[in-house]
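A quick write-up on the structure given underneath.
The values are calculated or read from the model by the stated rules, or taken from the named source; none is laboratory data. Note that the structure is a prediction, hence the values are computed from the model and not measured. Glycine also receives a Cβ, built like all others from the backbone with ideal geometry; neighbour counts cover every protein chain displayed. Ligands, DNA and RNA are excluded from the accessible area calculation, which covers all protein heavy atoms including side chains. Shrake-Rupley method; radii C 1.70, N 1.55, O 1.52, S 1.80 Å.
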Amino acid sequence: MKTTSIRTMKQIFSKLRKHAKTDYRLLILCNFIANLLVSAFSFLIWSSTVQKTFPPGGDSMKQVMMVFCIAIFGCLVFTVYAALLFFRYKSREIGIFMALGAGKRSLAGQLFRELFASMSVPALTGIVLGPLFTLGIWQIFRLFLPDKEGTVLSFTPFSLIICTGFLGASLLFCFLFAMRFLSRTNILDVLNEQRKSEPVRDVKSWYLPAGIFLVIFGAAAGYGHPWFFKAVFGIFAPAWGNLLYLPILPGIYLLILFFVIRGKRSKKHPYRKIIPRSMMKFQGRQTVNNMLIMTLLIAGACFAMFYIPMLASGNLFATNAWEKDFSMRLRADQDMPDREEILQLAGEYRLTLKNWTEAPMIVLGKDGTGEDIDENGKYVYQYREVISDCIAISASGYEALTGDHLDLSPGIYDECIDQSSAYGPDTGTTLLTNMITGDALDVTFGTVHYSHTLSGFTVLNDEDFARISRGLDNSWKETFVQFDTDSPYGTEDEYRFSQALRERLVSASSGAGMDSSYYSRAAKAYCDEHGETYWADNEPASSVHFSQEDADTFQFWSLWKYKPYFRVMEQNDFFMNMAILFMTFLFMAIVCYTAALIISYTRSLTVALSNRQVYEDLIRLGAGNEFRFRSVRQQLSKIYSLPTILGMTAITLFFLMILFANDGRISLSEGIGLGVCLVIMLILGMIICLFYRRTLKTVCRMLGIRTSRV
C-alpha cells in the first residue's frame, strides 16, 4: 500500500479539505450564487438598453436603484454569513492545531488561502456566468414579445466595476472576520466556537408598539420629507433626507424580536413551546439579523413586482375611458394626412370611419410662476410672461369635438383635464401671448372639463380665439382630429390600419414636429427674445428632439409631443412598448426573491447544525419523534413566515400610502391593480411555503427525525 508523507501545513489542510467537502460546499455555493446574482443584476441595470429606457434621475430609475441596493446588501450579508459558518466548521481543526503548538501566523496564512480559494473561484465563475444568465432570462421574456430592435440587450463594461467592487467587499469583510476569529488567545474558545450560542436579552412587551411606530414613522418621514423641507424651510430636500427611511430597520428588527422570542404565550400551557422558544432565544441574534435581511429582500421583490400590475391596470382603464378610438394632433406646417387620405387608407384595411370630428387649434405662450433652485438649494419663484405652451381651441371647436355647448364670456378660459389625473387644472394663468405678433390676451380661469383626449387643452371664447390667432403662421397652428372605426372583419384590420396611420404621421414629422412633450417652443422663443438660455438647450439634443430613427424606442413612444392616441394600438402594444421596464423590474424581483430563499435556507441549516447535540440529548431524555419534529417545525416556520408576512404587509401599506398621497384617493384602476398585487403575493407566499417544506425535510434528515407528515 502506497503512503505519502505529510510535511507541511499546506498538505495537512489539503487532506482535511478532501475529507470535509461538506464544510466547504455552503461557502462555495453562497459565493457563486451571490456573485452570479450581483453580476446579472449589474449587467442588466447598466446595459445601454436599460439606461436609454429609464430617464436619468426619474422615479423609475430611483426605484430600480433602491431595489438594487437592497439586493446588493442582502447578497453581501449571506456571503459573509456563509464565511462565519465556515469558521465554525473549521474551529475544531484550528483549535487542535493551536493546542499542538501551531502559530497563529501560519494558521492565518493557510486559513486566508483556503478562504480566498473557496470564495474567489466560485465568485469569478458567477461573475462570468452573470451576463449569460441575464441574457438567457431576457431572451425568455422576449419570446412573448415581437422581436424588435428596441428590446435587444446590450452590455457595458461599467458592470464589471460593480462586480469587482462587490467581490472585493466580500473578501475584505470575510478576512476581517477571519482575523477576529484567530485573534482569540484562549484555545478552548476556538475549540468551542461551533457550540457557541447567540443569545438575546429578554424581549419586553413594548417592543411591539415601538416597532410598529418606527416602521410607520420611517416610511412617512422618508417619503414625505421632500414636501416637509419645501413647505417649512423653502429648500430642496438634502440628500441626507433619505436617511429618514432608516427607522424602518430598527422597527422591523423590534417586531421580529418580539414575534420570534416572545410571541403569543398561552396562559394555560406556558411551557408548551419552551424548547423551541429557548433555542431561538439562545441562538436568536444571528437568526433575527438574517430575518431582517429576508424581510427587506421580500419587500423589495414585491415592490418590483407591483410595478407591472399597477401600470397595466392604469393603462387598461385609461384606454377604455377614451372618448374616441383614434385621436391625433396634426401640424399645419407639415404634410399631414387629411380626411380623404385617411378614409382611403381605412378602405384598404376594410374599415369604415364614423363619428369624425375635427377642430382647429393654436399654440400660444402662457404666463406663470416658475420654480427654480438656487446654488444654496433654496426654492426661487419668478413670474414669467411666457413659461410654457398653451394649446388652445375655441368654444365652437370644443362643441364640435364633444357635442357640449359652452357659453364662455370674453376673457374667460376653461381647462380640460383627465379625470384620473393626480394633478388639477391650471387655474393660475392670467396672460396668453401670440408668439409671432406679441399680442397678449388677459384671461381668468372659468371651469374645468373632464376629457382624456382633450386633456391639457385650454378653451377660449370664439372671439378671443379669433383675435389672438391673427398673425400666427402655420408652425403654430394645428388641427385636432378624432374618430371611431367599424371593423366588420375583426380587430386585426383595425390594428394594421393604426400601424399604417402611425407610420404615415411619423414619416411626415420633422423639425419641431419631433419635439418631446416637455420641450416648449413658446418658452424657448421668449428666452431667445430676452437674451436668456432656455433650460432644455443645456440638455442633450437627443433627449428633447427625436429623429426618425427613434420611432421604435420607448422614449419616443412615451414622450413624443405629437403622439397619436389609437386605442387598439395602445391596448395591443402596451406590454411591448413597456417591455424593457417590465422585464427589468421582473428581473429585480427574481434576484431579491432568490437571495431571500438562499438566506432562509442557510439559516435553517445553521439551526440544524447548532442544535444537533440538543436533539441528541432530547432522545436520551425520552423525547419522541413527534416532539422533536414539532420543535424543528416551530423554529423553521418562524424563519420563513415572519419575514414573508412582515415584508409583504409593510410594502403593501407603503404602496397604499404612496397612492393615497398622490391625489388623496385610491382610484378604481389602482384598487384593481392592488388586487392583482395581492394575488402575486399569494403566489410568492405559496412558493416560500413549498421551499420551507423542502428545507424542513432536509433539516429533519440531518437531525435523524422522520418526516412522514411533511
Exercise. Could you please put R470, R521 in sequence from largest to smallest accessible area, using a 1.4 Å probe?
Key: R470, R521
Quiz item: What residues qualify as long-range amide H neighbours of D367, i.e. H under 5 Å apart, gap of 5 or more or another chain, H built at 1.01 Å from N?
Solution: I387, T430, L431
Quiz item: What ³J(HN,Hα) values, in whole Hz, does the Karplus curve 6.51 cos²θ - 1.76 cosθ + 1.60 give for the range 509-524 when θ = phi - 60°, with x put for Gly and Pro?
Solution: 8, 7, x, 5, x, 10, 6, 7, 5, 9, 9, 9, 5, 5, 5, 4
Quiz item: What is the log10 of I(q)/I(0) for the range 429-568, computed with the Debye formula using one identical point scatterer on each Cα and no solvent, at q = 0.12, 0.15, 0.16, 0.20 Å⁻¹?
Solution: -0.67, -1.00, -1.10, -1.38
Self-check item: Coarse-grained scattering of the range 606-675 at q = 0.13 Å⁻¹, given as base-10 log I(q)/I(0) from a Debye sum over alpha-carbon atoms
Solution: -0.58
Quiz prompt | Sequence of W322, W535 when ordered by accessible area, the most exposed leading, probe 1.4 angstrom | solution = W535, W322
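Go through 408-421, 295-308 and give me the packing order, highest mean Cβ count within 10 Å leading.
295-308, 408-421
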Exercise. Mind ranking 160-168, 332-340 by how tightly packed they are, going by the mean number of other C-beta atoms within 10 angstrom, highest first?
Key: 160-168, 332-340
Exercise. Amide H neighbours of S394 under 5 Å, at least 5 residues apart or on other chains, H built in the peptide plane: list them.
Key: L460
Quiz item: Once fully extended, how much extra length lies between N625 and R180, figured as 0.36 nm per residue of separation less the alpha-carbon to alpha-carbon distance?
Solution: 156.3 nm
Quiz item: Which whole-Hz couplings ³J(HN,Hα) result when phi for each residue of the range 629-644 is put into the Karplus expression 6.51 cos²θ - 1.76 cosθ + 1.60, θ = phi - 60°, listed in order with x for Gly and Pro?
Solution: 4, 5, 5, 5, 5, 5, 6, 5, 5, 5, 4, 8, 6, 4, x, 5
Self-check item: Segments 40-47, 204-211, 562-569, 80-87 sorted - mean Cβ within 10 Å per residue, highest first
Solution: 40-47, 80-87, 562-569, 204-211
Quiz item: Over the alpha carbons of the range 580-697, what is the largest minus smallest coordinate on each principal axis, giving the biggest first in Å?
Solution: 64, 28, 19
Quiz prompt | 3J(HN,Hα) from dihedral phi, the range 465-473, Karplus parametrisation 6.51/-1.76/1.60, rounded to Hz, x for glycine, proline | solution = 4, 5, 5, 6, 7, 4, x, 6, 8
Quiz item: Considering only protein heavy atoms, what per residue accessible area in square angstrom results for the range 610-710 with a 1.4 angstrom probe?
Solution: 52 Å²
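Computing the accessible area with a 1.4 Å probe over protein heavy atoms, can you report the carbon and sulfur percentage for the range 397-522?
Answer for the range 397-522 is 45 percent, counting heavy atoms of protein chains only.
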Practice problem: Jot down the radius of gyration and Dmax of the range 522-631, Cα atoms only, both in angstrom. | Solution: 30.4, 94
